Amino acid sequence: MKTHGETLGHWLLQRITAAFSIPTILLANVSTLILLNILLFWHIHVGIEEILADHVHHEVTRNWSLILLGVFRLIIIKYVFVFFVFREN
């Protein structure tokens, strides 16, 4: 079980990443691309982590899901970064 501090930390992290994503999207350029990429995918990761914690009760399955989600997130971040940096104008 998570303690109140861990739950509050996840809740705050979700709100902070959501709040910082909006101005970063509006001011998006090449210099903010990395920050935007990290913020959006971290926000998605924390949200899915909370869903798994609430609905997957077998700890081993939840941990493997989180590991695979982390690998998948890194692959997607790499492809998004490569797409935006090396695309032809």
So how compact is the chain: Cα radius of gyration and Dmax in angstrom? 15.3, 50
Expressed as a percent, the accessible surface of the chain that is carbon or sulfur, using a 1.4 Å probe and the full set of protein chains, is 73
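Among His55, His45, what's the order by accessible area (1.4 angstrom probe), most exposed first? All intermediate terms of the calculation are to be shown ahead of the outcome.
Values: His55 135, His45 25 Å².
Highest to lowest solvent-accessible surface, that is His55, His45.
The values are calculated or read from the model by the stated rules, or taken from the named source; none is laboratory data. Keep in mind that what you see is a predicted model, and the values were worked out from it rather than measured. To get the accessible areas, we keep the full protein, side chains included, count just its heavy atoms, and leave off ligands, DNA and RNA. Shrake-Rupley method; radii C 1.70, N 1.55, O 1.52, S 1.80 Å.
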